[in-house]
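The values are calculated or read from the model by the stated rules, or taken from the named source; none is laboratory data. None of the values given here were measured: they were computed from a predicted structure. Neighbour counts are summed over all protein chains in view; Cβ atoms, including those assigned to glycine, are modelled from backbone coordinates with ideal geometry. Areas reflect the complete protein model, heavy atoms only, side chains present, ligands, DNA and RNA absent. Shrake-Rupley method; radii C 1.70, N 1.55, O 1.52, S 1.80 Å.
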Amino acid sequence: MDYTPLRISTVKPLKILTFDLYIFFKDQFLCYVKKGEQLTEDKYTKLKVQKVAKFFITESDEVNYQNFLDSLLSETMTNPKITIDDKVLMVEGVASSAVERMQQNPGNESAYHMTETAAKSLRQVIKNNPDALKKIFGKKVEKNEELIKHSLNVCALSVKLAEILRCTDQELDDLGTAALIHDIAIPQMNKNDILLFNKPRKLLTNDDKRVYYLHTKDAKILLQEKPYVNKTILELVANHEEVLSGQGPNKKKKLTKLEEILSMVNNYDKRTITNKTSPIQTLKDMMIDEMGNYSLELLNEFKKVLHSEGLLD
Ligand SMILES: [Fe+2]
Ligand SMILES: [Fe+2]
């Protein structure tokens, strides 16, 4: 049987489950709560204290879980009694689970739909809660979670910027989904090449670049010919390392507005990881290094958003 890993923050106690909830315990999968039963407070608390707080579902329950999650999400997001922290925690859990599933199983349609749901929810939580973006960016994660966190950051910030630039709902949904999955091919590279993710761009040799940038082509291969992935998203993923100077892997010099936003926000967040510079220093460096790679107008808009969202403090 195939088990899909999910994060604890995507379930809540005192709910009747519409799927069998498994845990991995002493080298095997055990059914912890059966379909139709309630996840008690006690059982939920025990789940939460695990080192990596995860549970599992089987493939046959994926649709049931998706429906359960959709209603839990809309309940959580619209409930004024639930704190912003808890809302953010839930959305982060959904988005992280979705990205992780896409990394492990890029051809899984249910994982893809979960990613779309996650992108929409991230946008919603940021739109309705002025502190949400700052909370998302402020979280520290373990080294092995860095890539997932990067995907969430890029999604949240690029959608925020695109919203200010008056992109349509459809554009925001496409951008958000593409941002969550833009780097899904990185974990598939061999161990030594994965280390290039943490190497500052300026230090990449031509060989490094050739190898590292393959992740954009690979991601496109993983997603193309899937009828549920639209062309805008496919192109966004394939072009997320492109710059206006034409020095990206696909040598494109013309980028759509969404492509330029995704590439620029990706560049910014990646710098904060690889260069370990403060947000304000990262922005300063970027304004110098990336002149000609992004339009000055967009860089300035970005600067404004980082300021107004309190991300430079
Ligand atoms: Fe990338
Ligand atoms: Fe990236």
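Can you tell me the relative contact order of the chain? Whole percent, Cα pairs under 8 Å, sequence separation 6 or more.
13 percent
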Eligible aspartates and glutamates near residue 226 by straight Cα distance, threshold 18 Å, same-chain separation 8 or greater: 109, 116, 173, 174, 183, 218, 235
q = 0.24 Å⁻¹, segment 1-58: log10 I(q)/I(0) [Debye, one scatterer per Cα]: -0.99
Residue of 19, 29, 68 that the Gaussian network model of the chain assigns the largest fluctuation, springs spanning Cα pairs under 10 Å: 29
Top positive-direction residue, dipole computed over the chain with Cβ charges, set 119, 249, 94: 249
Cut-off 13 Å between beta-carbons: net charge of the residues surrounding residue 233, Lys and Arg +1, Asp and Glu -1: -3
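Expressed as a rounded percentage, what relative contact order does segment 68-221 have, with Cα pairs under 8 Å and six or more residues apart?
Values: 143 pairs, mean separation 34.7, N = 154.
Reported relative contact order: 23 percent.
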Spatially proximal lysines relative to residue 15 (Cα-Cα < 19 Å; intrachain offsets below 8 disregarded): 34, 35, 43, 46, 48, 54, 81, 87
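Need one number for segment 83-308: average projected area of the convex hull over its C-alpha atoms, nm². Intermediate results must be reported in sequence, preceding the final value.
Details: hull surface 45.0 nm².
Seen from a random direction, the Cα hull of segment 83-308 projects 11.2 nm² on average.
How would 45, 177 line up by accessible area, probe 1.4 Å, largest first?
Values: 45 70, 177 5 Å².
The ordering from most to least exposed comes out as 45, 177.
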Relative contact order of segment 1-58, pairs being alpha-carbon contacts under 8 Å that are 6 or more residues apart, as %: 48 percent
Among 26, 202, 149: highest mean-square fluctuation, GNM of the chain, C-alpha pairs under 10 Å: 26
Inter-label distance for residue 83 and residue 48, nm, one decimal - labels placed 7 Å from Cα along Cα-to-Cβ: 1.1 nm
Set of lysines with alpha-carbon distance to residue 276 below 21 Å, sequence-local pairs under 8 removed: 134, 135, 139, 140, 143, 149, 199, 202, 209, 284, 303
